[in-house]
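Report on the structure given below.
The values are calculated or read from the model by the stated rules, or taken from the named source; none is laboratory data. Just so it is clear, the structure is predicted and the values come from calculations on it, not from any experiment. So basically every Cβ, Gly included, is an ideal-geometry build from the backbone, and we count neighbours across all protein chains shown. Keep in mind that these areas ignore ligands, DNA and RNA; they rest on the heavy atoms of the full protein, side chains included. Shrake-Rupley method; radii C 1.70, N 1.55, O 1.52, S 1.80 Å.
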Amino acid sequence: MALAASRGAGAGLCSMPVLPLLLLLLPGLAAGLAGMLQPRDTPSRERKELSGLWSFRADLSPGRDAGFAQRWYRRPLRQSGPVIDMPVPSSFNDITQDPRLENYIGWVWYEKEVLLPLRWLQGDPAPRVVLRFGSAHYYSIVWVNGVQVVEHEGGHLPFEADISSVVQGSPDPLCRITVALNNTLTPHTLPPGSIQYMADKSRYPKNYFVQDTKFDFFNYAGIHRPVVLYTTPAAYIDDITVTTTSSDSVGRVQYQVSVVGSTANSLSLSLRDQEGKVVATGDGAVGELKVLNPNLWWPYLMHENPGYLYSLEVKMQAQVGEVLLEDVYTLPLGIRTVHVTSTQFLINGRPFYFHGVNKHEDADIRGKGLDWPLIVKDFNLLRWLGANSFRTSHYPYAEEIMDLCDAYGIAVIDESPGVGIKLPESFGNKSLQHHLAVMEELVRRDKNRPSVVMWSVANEPASELPPAAHYFKTVIAHTKALDPSRPVTFVTDANYALDHGAPYVDVICVNSYFSWYHDPGHLEVIPLQLTAQFDNWYKTYQKPIIQSEYGADSVPGLHSDPPMMFTEEYQQAMLREYHSVLDKKRKEFVVGELIWNFADFMTNQGTTRVLGNKKGIFTRQRQPKAAAFVLRDRYWKIANESSCLPPVITSHSFYL
């Protein structure tokens, strides 16, 4: 495989290798991002979902450059050569029987032809038509009817383009959407990676290379989340920002609304409860709503009515020429506060203990593609387990998942794709500027979600390296400036005395695998080593601590007594040893524990991985291992100890 490729830039061609292409950052991205409101149907807005089968073609040319050299975006993709059906959303890696796609690196091409409603193309003024991708991994270039409309770097956050001028200037209502997608990772992408060239021609084919990464999950690629077309009026509500406080039986919602296209003649807001009753009103672009005796947003098992959401309806009227336009947008809203002390994590002024999981967007066949049955199954398992939280390890999850966290009261540590930051060059200014831009995109997307109680900027970086001090001081300060209302952390596996990033976090999140990666097979070392870990971190930083990862691989059906590694009994025994220490330390300064992992997941092939990572308490098919029942009993016990609900809650009282 060769790595050279070229891309179209406007009307011309610009040849460049894949790696430099992926280093592009759009000028001004960090300053003045437009809004990224989640598309919703309202009286003034329409959506057209494009999920289903798309035409697909991998560029298998020696230089991976045929698509750009031959300008595949200029005409229907089927005219460029053989295409296959590819489901969207999904990863492309496991869909076919072609082994070349499983570990393919380079450009792939997608295409969808859509008929647009005539009402989207007409009017004076005509509506604004927007093309939005929930995510596509990793670097995307998008054309509509052969015209380039957007480029985006990053595989886990949404991007969009106003395509009104393209589709409304054509007499044909057929809209052809073409996407070129490249999954190459470099030392400056998030997550980072590098290309290894195998130059020994006696052992490898000519121009042979592999993608090397420093993270332990499979680098699935494709259009992973829904693609939608949606409309707004020509003058529209571009963004809404809300923050909430509560005291003395009064909930306060501070809001800021931005409008694009015209100066608003009027801007009004109505806050409705779940019965549809208006509980507060306001007007103007900036202000505060007051709610008497509010129903607060509480995490699952912390209140009898968790995940309470109000609906904030924003209405705008604006004069455009001779026409008075109206735009309406409705935002789900939860009223809650978050505060951190030296020993506690407080939600609505009450101590909150994270008893939850780490997850992955991962499943058979569809890879990281959004899948509603899987999502609903996972939330049912979370509630069965008694889990009140999870971390979006190791990248932002789909908006559809976050919607359910808001509605079900699942607290979220919202993590950026900053995983595998190990190389010194990944701490340079190029990487830093991209990381800052990613945090802006993440905060922009999730800033209004009550379920998001903390930001995580990275997982297990090489924070013992000296450049990590400036790097994480800058990223964390930038994130706090974007959102002063939430604490910020990153997840570390470094030595407490050597970690250059820890001084800047609000909560210490520590990963450790005593008796697995350290002293494998020796469960007896856990009490001493885990106790020392907690005491050393707290003595050094005087900040609350979350055990953000711990666990052991277990192969379902593999048994041994006494317990041996990779058996279900060993996984159970390790959990119990960790829990005995956690029970002591959660009375002091430990504020949470997140098992690694919720379910088994796919990784790169290797001698230590048999069809993926087996640290799940559920299999990849979501069947429980013995450890799931250990954790379930524990989580329901903790919930009974800390809940304001009657103590009749048991681990057997939740069924769907």
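Could you tell me which numbered condition Glu588 fails, if it satisfies all but one of (1) part of a helix (DSSP H, G or I); (2) touching a Ser or Thr at 6+ places or on another chain (Cβ under 9 Å)?
Unmet condition: (1).
Among (1) open to solvent by less than 30 Å² (accessible area, probe 1.4 Å); (2) small (Gly, Ala, Ser); (3) without any contact (Cβ under 8 Å) to a residue 12 or more places away in the chain, where does Gly334 come up short?
Unmet for Gly334, out of (1) open to solvent by less than 30 Å² (accessible area, probe 1.4 Å); (2) small (Gly, Ala, Ser); (3) without any contact (Cβ under 8 Å) to a residue 12 or more places away in the chain: (3).
Identify, please: which residue in segment 319-337 is in contact with a Pro (Cβ under 8 Å, 6 or more places away or on another chain) and assigned to a strand (DSSP E or B) and is, among those, farthest from Glu399 (Cα to Cα)?
Start the filter on segment 319-337 by keeping residues that are in contact with a Pro (Cβ under 8 Å, 6 or more places away or on another chain), which leaves 320-321, 323, 325-328, 333-336.
Still in the list and also assigned to a strand (DSSP E or B): 320, 323, 325-328, 333.
On the way: Val320: 33, Val323: 34, Leu325: 29, Glu326: 26, Asp327: 23, Val328: 20, Leu333: 15 Å.
Looking at the filtered set, the residue picked out is Val323.
What number goes with the only condition from (1) modelled with pLDDT under 95; (2) over 24 Å from Phe217 (Cα atoms) that Asn103 does not pass?
The single condition Asn103 does not satisfy is (2).
I need the full set of residues from segment 295-321 which are farther than 22 Å from Arg383 by Cβ and among the aromatic types (Phe, Trp, Tyr), in order please.
Result: Tyr310, single match.
Only one of these is of a type in the set (A, V, I, L, M) and under 27 Å from Arg486 (Cβ atoms): Ala318, Ala363, Ala407. Name it.
It is Ala407.
Looking at Ala458, Ala469, Ala462, which is the one that is crowded, with 23+ Cβ neighbours inside 10 Å and either modelled with pLDDT of 95 or more or not small (Gly, Ala, Ser) (or both)?
Details: Ala469 fails: crowded, with 23+ Cβ neighbours inside 10 Å; Ala462 fails: crowded, with 23+ Cβ neighbours inside 10 Å.
Result: Ala458 is the single residue among Ala458, Ala469, Ala462 that is crowded, with 23+ Cβ neighbours inside 10 Å and either modelled with pLDDT of 95 or more or not small (Gly, Ala, Ser) (or both).
Here's a check for you: in segment 379-393, which residue that is out of contact with any Leu (no Cβ under 9 Å at 6 or more places or on another chain) and open to solvent by less than 10 Å² (accessible area, probe 1.4 Å) is nearest to His156 (Cα to Cα)?
Applying the filter and picking the extreme gives Thr392.
Within segment 43-51, can one find any residue that is touching an Asp or Glu at 6+ places or on another chain (Cβ under 7 Å), more than 17 Å from Val179 (Cβ to Cβ) and among the small types (Gly, Ala, Ser)?
Here is the first cut: in segment 43-51, the ones touching an Asp or Glu at 6+ places or on another chain (Cβ under 7 Å) are 44, 47.
Okay, now just the ones that are also more than 17 Å from Val179 (Cβ to Cβ), so 44, 47.
Add one more test, that the residue is among the small types (Gly, Ala, Ser), and what stays is 44.
Within segment 43-51, one or more residues are touching an Asp or Glu at 6+ places or on another chain (Cβ under 7 Å), more than 17 Å from Val179 (Cβ to Cβ) and among the small types (Gly, Ala, Ser).
Considering only residues that are without any contact (Cβ under 8 Å) to a residue 60 or more places away in the chain and within 13 Å of the chain's Cα centre (by Cα), look in segment 415-448 and name the one that is nearest to Lys214 (Cα to Cα).
Met439
Taking segment 164-202, which residues are more than 30 Å from Asn219 (Cβ to Cβ) and of a type in the set (A, V, I, L, M)? Don't jump to the end; show me each part of the working.
At the first step, the residues of segment 164-202 found to be more than 30 Å from Asn219 (Cβ to Cβ) are 164-175.
Those that are more than 30 Å from Asn219 (Cβ to Cβ) and of a type in the set (A, V, I, L, M): Val166, Val167, Leu174.
Mind checking whether some residue in segment 517-534 is hydroxyl-bearing (Ser, Thr, Tyr), open to solvent by less than 70 Å² (accessible area, probe 1.4 Å) and assigned to a strand (DSSP E or B)?
The answer is no, given that none of the residues of segment 517-534 is hydroxyl-bearing (Ser, Thr, Tyr), open to solvent by less than 70 Å² (accessible area, probe 1.4 Å) and assigned to a strand (DSSP E or B).
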